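Before any comments, here is the structure.
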C-alpha cells in the first residue's frame, strides 16, 4: 500500500450508473459517447460511495477542462488530501479484484471508513484504488 496526495480539490464532470455493480460497464461506455474532447482527456475516475440506505452509488467522470461548459454536466469535487492507495498495472486484467482491493484499503487503521472509494485511471494501463486517509 502507498499514499497519494491530492494537493488541490479536483472538479469532476460525471454521470452516475443506474445501479451498482450491474450498471458499471454501461456507465463507462456512456461517458465516452457524451464527453467532448475525449482524445484530450488523460484521467478518468470511478467514484463509489455508500448511501444512508445501504446502497452504493457509482459515478464515472473526468476532471473538468477549461474548454468544458460545466453547466451541461453534473459536477462534483474530489477533495484534496491524503489517500491510501494501491497501484494496479494492466488494470483491465485485474478489474474483478477491485472490490477486494477496496476492502483491504478500508480495513486499514488510517482509512476513513465513512468516505468514498476512488478508482483513479492515470493511463490506459495504470489505475489507483484510493480511499481517504484520516491522517
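The values are calculated or read from the model by the stated rules, or taken from the named source; none is laboratory data. These numbers were taken from a predicted model, which means no experiment stands behind them. With ideal geometry, Cβ positions are generated from the backbone for all residues, glycine too; neighbour counts draw on all protein chains shown.
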Within the stretch 105-125, restricting to residues that are under 16 Å from residue 45 (Cα atoms) and touching a strand residue (DSSP E or B) at 6+ places or on another chain (Cβ under 6 Å), the one that is modelled with the lowest pLDDT is 115
All conditions in (1) touching a residue at least 24 places away in the same chain (Cβ under 8 Å); (2) loosely packed, with under 12 Cβ neighbours inside 10 Å; (3) in contact with a strand residue (DSSP E or B) (Cβ under 8 Å, 6 or more places away or on another chain) are true of residue 37 except (3)
Meets criteria (surrounded by fewer than 11 Cβ atoms within 10 Å (Cβ to Cβ) and either at pLDDT below 95 or assigned to a helix (DSSP H, G or I) (or both)) for residue 62: no
Exactly one of 42, 56 is under 20 Å from residue 124 (Cβ atoms) and surrounded by fewer than 16 Cβ atoms within 10 Å (Cβ to Cβ), and that one is 42
Flagged in the stretch 105-126 as more than 21 Å from residue 9 (Cβ to Cβ) and part of a strand (DSSP E or B), in numbering order, are 126
Within the stretch 6-17, residues outside any loop (DSSP other than H, G, I, E, B), in contact (Cβ under 8 Å) with a residue 60 or more places away in the chain and farther than 12 Å from residue 128 by Cβ come out as 10, 11, 12, 13, 14
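Just wondering, is there one or more residues in the stretch 88-104 that are in a strand (DSSP E or B), surrounded by 14 or more Cβ atoms within 10 Å (Cβ to Cβ) and at pLDDT 95 or above?
Keep residues of the stretch 88-104 that are in a strand (DSSP E or B), which gives 88-89.
Within this subset, residues satisfying the condition of being surrounded by 14 or more Cβ atoms within 10 Å (Cβ to Cβ) are 88.
Next, only the ones that are at pLDDT 95 or above stay: 88.
Yes - at least one qualifying residue is present in the stretch 88-104.
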